Amino acid sequence: MGDPEVAAERESEQPTTVRQWWRSARPLHGLLAATALSFTGNAIVAVAVPWLIFKRTGSATAAGVAGAAAIAPIVLSALFGGALIDRLGRRFCAVGADLLSAIAVALLAILDEAFSLPFWGILALVALGAVFDGPGAAARETLRPDVARATSTPITRVNAWGEAAEAIGALAGPGIAGVLLVVLGGFNVLWVTVGMFLLSATITTLTIPSHLSPAPIHEPYFRSVVTGLRFLIGEPGLRTVAITAAILVGFIAPFESVVLNAHLQDTGHATFYGFVVAAFAGGGLIGAILYGVVGHRLPERAVLVTTLAVSALGLAVYALLPPLTVLLIVSVLTGIAAGPINPVVAVIMQARTPEHLRGRVIGSYTSVALAAGPLGLLLMGPIVDHTSPRIGFIVIAVGCALATLLAASAKSLKK
């Protein structure tokens, strides 16, 4: 009866004019819009670059290397960028990351048009752009509790809506990339991404007041990096979700750009790649929204374990290599099952992390979670090249099952 989250939810439901509500909730709307735009831009890059490389080389291994180049820099940039968030400010880092990402992506489009970049040149610029993705995403996530307080919105809903905004980006990005690859061709598609990053930075600047978050804490930089990582490793619940996420990412990272890409290329359905990815993302959007509606009534551990288990089962169906129509349906259903995973992890993280450590702990979590991603991408390419996409799908499903077993057996998540 005294649950402050329930009280905040009731307060948010009090009668008000549409204009007053819109004005008071502007920081929430701005954060969600900026998140959707930034993730849409990243999704376009994530689809277009491996696709163009696979088309140029015909190699799943090369596509996997490109995917690894897009993830590997985030492992370190999120770790060190998380400390910068606490040092420079959450809003400042969110805006700065979008601006720097826009510059990096523009360089890739300009230089490939001018010099027809070799494979290593593309990888270098993809890696440069990825350096800013981790800190930017972490900065927007650290803003969620601040926005929730400012708008009297339950944190479970803000997290769910934030993940839904990311899912919108993952849903719209592949479809937009597919259309742009046909209409514009080559790396010209990346100019749309540049525009999205710039618009995201503008919206964040105009809608989220600088005073919304606590003043940055100035302390020795490397000490703050170590403090965040040490807290993540030392807190049992956070350590469990970080290791679970690392296992999950290691096996899931090559799912789209390597295994699914190769399967659709082999079966003559390459043009439907964006639709299948969008179907999965659309399901994730539905799942995140559903969690936002009922998540505050459910125990976090039960939600995490259940969604991981159902997602593993869904991914196992891909190994049956079903017809395209069935593949699209399975993608939607698996996406729905996976949709609540990130929002519930965010709730666990925020509940167990002190306010002044939030940026560096979330950055450390992102770094640990993504650490296995490049390895998974590098290993899965040769596996698919020397066996078949079916084997790749089986390996991914087994990895998700391992992550489920870890979360289910961890006592640290029971409290």
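Give the angle, between 0 and 90 degrees and rounded to the nearest 10, that separates the Cα long axis of helix 119-130 from the longest principal axis of the Cα atoms of the chain.
That helix lies at roughly 10 degrees to the long axis.
Quick one: length gained pulling TRP120 to ILE233 fully straight, 0.36 nm per residue minus the C-alpha distance?
37.2 nm
Candidates (i) 0.95; (ii) 1.35; (iii) 1.01; which is the computed Rg/Rh (Cα atoms, Kirkwood Rh)?
The listed entry that was calculated here is (i).
Rounding to the nearest 10 and keeping the result within 0 to 90°, find how far the Cα-based axis of helix 324-338 lies from the longest principal axis of the chain.
That works out to roughly 30 degrees.
Once both axes come from the Cα atoms, what is the angle between helix 341-352 and the longest principal axis of the chain, in degrees from 0 to 90, rounded to 10?
40
Please report PHE54, PHE280 as a ranked list, fewest other C-beta atoms within 10 angstrom at the top and most at the bottom.
Taking fewest neighbouring Cβ atoms as first place, the list is PHE54, PHE280.
Put a dot 7 Å past each Cα toward the Cβ at GLU355 and GLU219; how far apart are the dots in nm?
1.6
Read-outs: derived from the displayed coordinates by stated rules, not from any lab. These numbers come from a predicted model, not from an experiment. Because the Cβ atoms are built from the backbone with ideal geometry, glycine has one as well, and the counts that use them run over all protein chains shown.
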